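Novice: Submitted below is the structure of interest, expressed as structure tokens.
The values are calculated or read from the model by the stated rules, or taken from the named source; none is laboratory data. Since the model is a prediction, treat every value here as computed from it, not as a measurement. Note that we place each Cβ from the backbone using ideal geometry, even for glycine, and neighbour counts take in every protein chain shown.
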Amino acid sequence: MTVTLTKLKKPLIIIGVIGLLVLSIVLSYFIILKIGENRLRNKLSYTDDKISSSAYDEAEADAYYNGNSYYYNNDLVNILLIGVDKDSIKDKNSKQADAVFLVSFNPKDNTVNVTAISRNTLADIEIYDMNGEFLATEKAQICLSYAYGKDADESSLLTCKAVSRLLYNIPINGYYTVYMDSIAQIVDSVGGVTVTVPEDLTDVYSHWKKGATVTITGKDAIAYLRHRNDLSEERLQRQKQFISAFAESAKRAVLKDISLPFNMYNKLAKNTVTNVDVTSAVYLASEIIKADLKILQIPGSVGFKDEIETFEPNETALYEQVLDVFYKIKK
């Protein structure tokens, strides 16, 4: 049987076109990553006279402690993740920051430190009246800082300011604020998250027994992250565990589909608030899932003030942690 050149041309052309399309998609993706990397190297510059992200002069020390001189590590990119206690951005009722995590990414050594901050942490927050006029800075639960903004962006910035003050005025380069409906979509996008239940949660689901291994998807993720027994500390530990497990699921999901961060950013745009543009977000997501992840917690102790649960930071231990995570010793 003889195959003519004309008959061979069609499949070869089709294969060539498909190859070019695949190549253009891959190249476009890496161009997006490069743009995002360049923007992040410019520190995002979302200051608005609220959160300073200006470079530090490495010629002089920024801090002195125990005979050592320290300067801020300018390689870091700090993004605050805020989980708001309401289902959707369309809910106009004033709510609080139910989950607060500071993600600190170092592209130079490919490491990520995630600092978990209890919603009940006592910190200096800005208080405003019903007309949006500033009243005072007051020591209160850090979750309340979100409630004083006139809109979602201002609420997010006020939370950034409170966290920055708490951590001795480190720069926060951006924020990503999510609402409960978005969490289900995020978890489902990576195929669910497998965890070992750390405490008895059978009052939520009968199979969520302590020590059971379960894969959590959709709305169940919201229940797992929000459920609280007697103390918020148990919930914070569960949230930390969930983030670690989510990171592993995300790694596998992105290996299967490199466009996942870009698609999810756009899909969630209507129910999230952020000052991180899509190219920077895609670059960050793509790099973070490859990095060594370490989850830290603000050192301190649980207490009560007027029958309201609080978390009091240990100032000495917190200062040492901030120096360790965000600073370098001056040689």
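Novice: Taking the conditions exactly as written (modelled with pLDDT of 85 or more, within 26 Å of D181 (Cα to Cα) and surrounded by 15 or more Cβ atoms within 10 Å (Cβ to Cβ)), does A253 satisfy them or not?
Specialist: yes
Novice: Okay, moving on. Those residues that are part of a helix (DSSP H, G or I) and either under 17 Å from V103 (Cα atoms) or without any contact (Cβ under 8 Å) to a residue 12 or more places away in the chain (or both), I need them from segment 246-262; list them, please.
Specialist: The answer is F246, A247, E248, A250, K251, L255, K256, P261.
Let's see how each residue does on (1) free of Cβ contacts under 8 Å to residues at least 24 places away in the same chain; (2) outside any strand (DSSP E or B); (3) within 22 Å of D153 (Cα to Cα):
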| residue | (1), (2), (3) |
| --- | --- |
| Y265 | yes, yes, yes |
| V276 | no, yes, yes |
| A281 | no, yes, yes |
| A285 | no, yes, yes |
| S301 | yes, no, no |
| F304 | yes, no, no |
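Novice: Which one of D203, D181 is part of a helix (DSSP H, G or I), over 19 Å from N120 (Cβ atoms), of a type in the set (D, E) and out of contact with any Phe, Trp or Tyr (no Cβ under 8 Å at 6 or more places or on another chain)?
Specialist: D181
Novice: Need a quick list: strands (runs of 3 or more DSSP E) entirely within segment 57-152 having at least 2 residues that are without any contact (Cβ under 8 Å) to a residue 12 or more places away in the chain, surrounded by fewer than 17 Cβ atoms within 10 Å (Cβ to Cβ) and of a type outside the set (G, A, S).
Specialist: Because the criterion is at least 2 residues that are without any contact (Cβ under 8 Å) to a residue 12 or more places away in the chain, surrounded by fewer than 17 Cβ atoms within 10 Å (Cβ to Cβ) and of a type outside the set (G, A, S), the strands (runs of 3 or more DSSP E) in segment 57-152 that meet it are 134-141.
Novice: Pairs under 6 Å by beta carbon, first residue closer than 17 Å to A184 by Cα in segment 203-228, partner among the acidic types (D, E), six or more apart or different chains?
Specialist: T217/D188; G218/D188
Novice: Something else about it: Kindly establish whether I243 is in contact (Cβ under 8 Å) with a residue 12 or more places away in the chain and over 19 Å from V100 (Cα atoms).
Specialist: no
Novice: Residues I216, I172: which one is under 16 Å from the mean Cα position of the chain (by Cα) and β-branched (V, I, T)?
Specialist: Only one candidate passes the filter, namely I172.
Novice: Just checking, how many residues over segment 299-323 are surrounded by 13 or more Cβ atoms within 10 Å (Cβ to Cβ) and either out of contact with any strand residue (DSSP E or B) (no Cβ under 9 Å at 6 or more places or on another chain) or not polar (S, T, N, Q) (or both)?
Specialist: Residues in segment 299-323 being surrounded by 13 or more Cβ atoms within 10 Å (Cβ to Cβ) and either out of contact with any strand residue (DSSP E or B) (no Cβ under 9 Å at 6 or more places or on another chain) or not polar (S, T, N, Q) (or both): 13 in total.
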